[in-house]
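Colleague: Input: one structure, supplied below.
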Amino acid sequence: QVQLVESGGGLVQPGGSLRLSCAASGTMFRIYAMGWYRQAPGKQRELVATIANSGSTFYADSVKGRFTISRDSRNNVVSLQMNNLKPEDTATYYCNRISAQDTDYWGKGTLVTVSS
């Protein structure tokens, strides 16, 4: 059974930091590279960062140098450290395997609001 539980969101001022965590089901975590996505109000969901089983990472240009993705294989947790947050980072953040489609299972996400 697929499990994706995101946590760690909240309200933060511009320039602040947050750390998001995602507890994923073991099977998905072992097989797939994992990613963090986000969806801002009125916009389509976009890929933010990915991490492969090898540890190789990818970042969208908009977050490069500010966000860091990591994975804890023992506990099946994918994390996203977000620094120097900007108002345009405001969105609901989701984790899932890479190449996840809208028709796949998605967790509830965690809301990040960057505002003064």
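Colleague: Within the range 1-20, does at least one residue satisfy the condition of being among the hydroxyl-bearing types (S, T, Y) and in contact with an Asp or Glu (Cβ under 9 Å, 6 or more places away or on another chain)?
Modeller: Filtering the range 1-20 down to residues among the hydroxyl-bearing types (S, T, Y) leaves 7, 17.
Keeping just the survivors that are in contact with an Asp or Glu (Cβ under 9 Å, 6 or more places away or on another chain) gives none.
No, that holds for no residue.
Colleague: List the residue pairs whose Cβ atoms are under 8 Å apart, where the first residue sits in the range 37-49 and is farther than 14 Å from A60 by Cα, the second is in a loop (DSSP other than H, G, I, E, B) and among the hydroxyl-bearing types (S, T, Y), and the two are 6 or more positions apart or on different chains.
Modeller: That search, which allows pairs on different chains as well, returns A40/T90.
Since every read-out is calculated from the coordinates, none of them should be taken as a lab result. As the structure is a prediction and not an experimental result, all values here were calculated from the model. No Cβ is skipped: glycine too gets one built from the backbone with ideal geometry, and neighbour counts run over all protein chains shown.
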